[in-house]
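**Q** Quick one: structure below, then a few questions.
Nothing in this text is a laboratory measurement; each read-out follows from the coordinates by a stated rule. Not measured: the values here are computed from a predicted model. Note: ideal-geometry Cβ built from the backbone for every residue, glycine included; neighbour counts use all protein chains shown.
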Amino acid sequence: MSAAFRFLTAGESHGPTLGVTIEGVPAGLPLTEDDLAVDMARRQRGYGRGARQAIETDRAEIKGGVRHGLTLGSPILLMIANRDWANWGPVMQAAPLTGEQAAELEASVSEGVKRATPVTRVRPGHADLAGALKYGHSDVRNVLERASARETAARVGAGGVARAFLGELGIEAWSFTAEVGGVAIDPDSSTRTREEADASPLRCPDPGAEARMIARIDEARSAGDTVGGVFEVVVHGLPVGLGSYVHWDRRLDAALAAAVMSINIVKGVEFGLGFEQTRRFGSAVHDVIDGRSADGHWIHRSNNAGGLTGGITNGEPLVVRAAVKPISTLARPLPSADLVTGEPVDRAHYERSDISVVPAAGVIGEAMVMLTLARFIMETLGGDRMDVIRERMAAHRLLMATLPPAPTIGGRAAGTGGDEAGSGGDD
């Protein structure tokens, strides 16, 4: 498997730093920390976010793989400082505790200092119980620090590298909030431009729906509850021919679904109409092909498939939607159980939390989509240098816009297919 745009993150929510290594990035890609800063800031915004965002000012520092503003072709290392680390110190330090430090922590526990106290009351909906049992931890802090969505800041940093790469090839991704707490946008009322939507409280193109979404978030806040929703990622400029139907692990839709589903809070992924297709007849679902334009673009009357057919990009915009569950940590915690005693408790553990994160989840979704697309582009085109990849992309686009030759049988010209063509069964 190609190493192109493979990435790995490291770090804990309240540790000193988050890190991410991205390998397979071609040499000669213009890249600066300011390029990455835009998405890092977008991830932190959004109505319903918690107090942690007021503490952190996320910035991805480039520590390797770039020289004088250009990538070298070697792995890129990004580091993102956790400013809240200063408030945790020995509780989260990597080094063994000294006797004095251990005594101080024990005293803090006796005094009821929450951050020093081992966590044993597991939270419904979080990785607490399953993670603690799997890894043999008696303090759930060892689970929640890594299972935390704080890790996604590193993914967004990596996604910024992918955005720079895709931008050089004429490909652009964006996301918006499509639904919060059962309140959905109306496409006919989505009058905001991309810039206006990005600047709005929920990154929503429909101002009327956004006002109702905010009311739902306020309702959840007042009840000590949380609320989920749906974000949509749209990608323009993709060429035909990324992905393949020949093996399950070469299907682009499968890879995108896995990437987006890997986001901590996502519980469902769909493309185009998605589940709505199950409620319609086929004649109202499938995108009629109107032929080929003068410039070689194949024209579809609609884009219900979301830009993918047979696991391959078809030239239409890619449309990915994801269902975001409500945050698991509630200000009014649900009943639960104690990990160590196994006994029921009235209230699960509570730690500072958001009310809704749909706008931020959309930015993370963009990152995962862009990283996946970058990998598939590299697997399709190959190359170690940006100048070569630009040329190969131009050649690929030209090839996809060129009509194939007439079919032959045994070296002789054959007629084109009629309306009876088909597999006859399992299509």
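**Q** Need one number: nm distance between label points at Val285 and Asp186, each 7 Å from Cα along Cα→Cβ, rounded to one decimal.
**A** For Val285 paired with Asp186, the spin-label model returns 2.8 nm.
**Q** What dipole magnitude, in Debye to the nearest 20, does the chain give about its Cα centre under +1 on Lys/Arg Cβ and -1 on Asp/Glu Cβ?
**A** 240
**Q** With the Cα gyration tensor of the chain in hand, convert its eigenvalues to equivalent ellipsoid semi-axes via √(5λ) and list them largest first in whole Å.
**A** One finds semi-axes of 43, 26, 20 Å for the chain.
**Q** As an exercise, use a Förster radius of 45 Å and the Cβ-Cβ distance of Leu133 and Thr193 to find the FRET efficiency, rounded to the nearest 0.05.
**A** For R0 = 45 Å, the calculated efficiency reads 0.40.
**Q** What Kirkwood radius, in Å to one decimal, follows from the Cα pairs of region 121-229?
**A** 17.0
**Q** How many percent of all Cα-Cα pairs in region 195-254 sit more than 14 Å apart?
**A** Of the Cα pairs, 71 percent sit more than 14 Å apart.
**Q** In the structure shown, do any of Lys63/Lys267; Lys114/Lys267; Lys134/Lys267 have a Cα-Cα gap over 28 Å, and if so which?
**A** As for pairs spanning more than 28 Å Cα to Cα, those are Lys63/Lys267; Lys114/Lys267.
**Q** Hey, got the dipole for region 286-427? About the Cα centre, +1 on K and R Cβ, -1 on D and E Cβ, debye to the nearest 20?
**A** Dipole magnitude for region 286-427 comes out near 340 debye.
**Q** Run the simple label-point estimate for Trp174 and Glu106 please: 7 Å along Cα→C-beta, distance reported in nm.
**A** According to this spin-label approximation, the distance is 6.0 nm.
**Q** When the Karplus curve 6.51 cos²θ - 1.76 cosθ + 1.60 is applied with θ = phi - 60°, which whole-Hz ³J(HN,Hα) does each residue of region 218-229 get, with x for Gly and Pro?
**A** Rounded to whole hertz, the list is 5, 4, 5, 4, 4, 8, x, 10, 9, 9, x, x.
**Q** Give the calculated FRET efficiency between Ser222 and Ala10 to the nearest 0.05, with a Förster radius of 35 Å applied to their Cβ-Cβ distance.
**A** According to the calculation, E is roughly 0.40.
**Q** Averaging over every viewing direction, what projected area does the convex hull of the Cα atoms of region 295-380 cover, in nm²?
**A** So the Cα hull casts an average projection of 10.2 nm².
**Q** Something else about it: At a Förster radius of 56 Å, what calculated FRET efficiency corresponds to the Cβ-Cβ distance of Asp338 and Ile299, to the nearest 0.05?
**A** Taking R0 as 56 Å, the efficiency between Asp338 and Ile299 is 0.35.
**Q** Follow-up question, since we're still on this one. Please get the size of the charge dipole for region 219-317, origin at its Cα centre, with Cβ charges of +1 on Lys and Arg and -1 on Asp and Glu, quoted in debye to the nearest 20.
**A** 160
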